[in-house]
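Colleague: My structure is below; once you've seen it, I'll send some questions.
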Amino acid sequence: MRIAIASDHAAVAMKAELAQWLAELGHDVDDLGPNSTDSVDYPDFGYKLADHVASGKAERGIAICGTGIGISIAVNRNPGVRCGVVSEPLSAKLTREHNDANCIAMGARLIGIEMAKACVEAFLNTPFGGDRHVRRVDKLSNPQTSRQTA
C-alpha cells in the first residue's frame, strides 16, 4: 500500500520512526516532511498530505502533530479526505469501519511510538464496513444533502 505521512516539528521523530517501520513492512511511504525540528506550521503539512491522498498519489495518509487535532483540522479541509484523530487501536479501527477514513491523525505528545504503531496497524488492516455506514459517509462528502434531510 502507498502511504503518505506528514507532521509538524513536534512530531518529526515519530513520523520518521513510523515511516521506517512502514517501509520495513513492505509499504511504499511518501514522507511529505518536515525533516527537521525547526518550527513549521502544521496546516501547511496537513494540506500537503490531504492533497496527496485526495489526488490518488497515496491510498492512505498519516498526519501527526503535538496533539493530532490541529493537523487533522487542516487535513479535513479537503473534501476528498476523511481524517479521524485516534489515540488507541479501537478509534483507529472504527474510523475506518464506520467513517471510511483514508487518513488518521495522532498526537506525538499524547501517545508513544508503540501505541502509534498499534493505531496505524488497526487503521491499515480494517476495511470499511459499508452497509448502514454508506449513507452517513455520503453525507460527510455532501453536507447539503444532510442539511436538507435533518
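Each value in this text was obtained by applying a stated rule to the coordinates, not by laboratory testing. No experiment lies behind these values; they were computed from the predicted model shown. Cβ: placed from backbone, ideal geometry, glycine included. Neighbour counts: every protein chain shown.
Colleague: For the pairs 117/139; 93/139; 48/93; 57/139, flag any whose C-alpha to C-alpha distance is greater than 22 Å.
Modeller: Result: 117/139; 48/93; 57/139 exceed 22 Å.
Colleague: Using only the alpha-carbon atoms of the chain, report the extent along each of the three principal axes, biggest first, to the nearest angstrom.
Modeller: 47, 28, 28
Colleague: While we're here: Separation between the residue 2 and residue 37 pseudo-spin-labels, each 7 Å from Cα along Cα→Cβ, expressed in nm?
Modeller: Between residue 2 and residue 37, the label points sit 3.3 nm apart.
Colleague: Right, next: What do you get for the angle between helix 12-24 and the principal long axis of the chain? Use alpha-carbon atoms, 0 to 90 degrees, nearest ten.
Modeller: 80
Colleague: If I fit a long axis through the Cα atoms of helix 113-125 and take the longest principal axis of the Cα atoms of the chain, what angle between them do I get, 0 to 90°, rounded to 10?
Modeller: Helix 113-125 and the main axis of the chain meet at about 40 degrees.
Colleague: Let me ask something additional. Among residues other than residue 102 whose Cβ falls under 11 Å from its Cβ, what is the net charge (Lys/Arg +1, Asp/Glu -1)?
Modeller: In short, +1.
Colleague: Where does the charge balance sit around residue 43 when Lys and Arg score +1, Asp and Glu -1, over other residues with C-beta under 15 Å from its C-beta? Don't skip to the answer; put the middle values down first.
Modeller: Details: positive: 48, 77; negative: 8, 41, 44, 51.
Net charge around residue 43: -2.
Colleague: Can I ask one more? Leaving out same-chain residues fewer than 8 places away, which aspartates and glutamates sit with a Cα under 15 Å from that of residue 15?
Modeller: The qualifying aspartates and glutamates are 24, 28, 30, 31, 38, 114, 121.
Colleague: Per DSSP H run of at least 4 residues, take -39500 (n - 2.57); add these up for the chain, divide by its residues and hand me the 222 nm value, nearest 500 deg cm²/dmol.
Modeller: Calculated mean residue ellipticity at 222 nm is -14000 deg cm²/dmol.
Colleague: Right, here's the next one. Hey, fewest Cβ within 10 Å first, where do 52, 98 land in order?
Modeller: In increasing order of surrounding Cβ atoms, one gets 98, 52.
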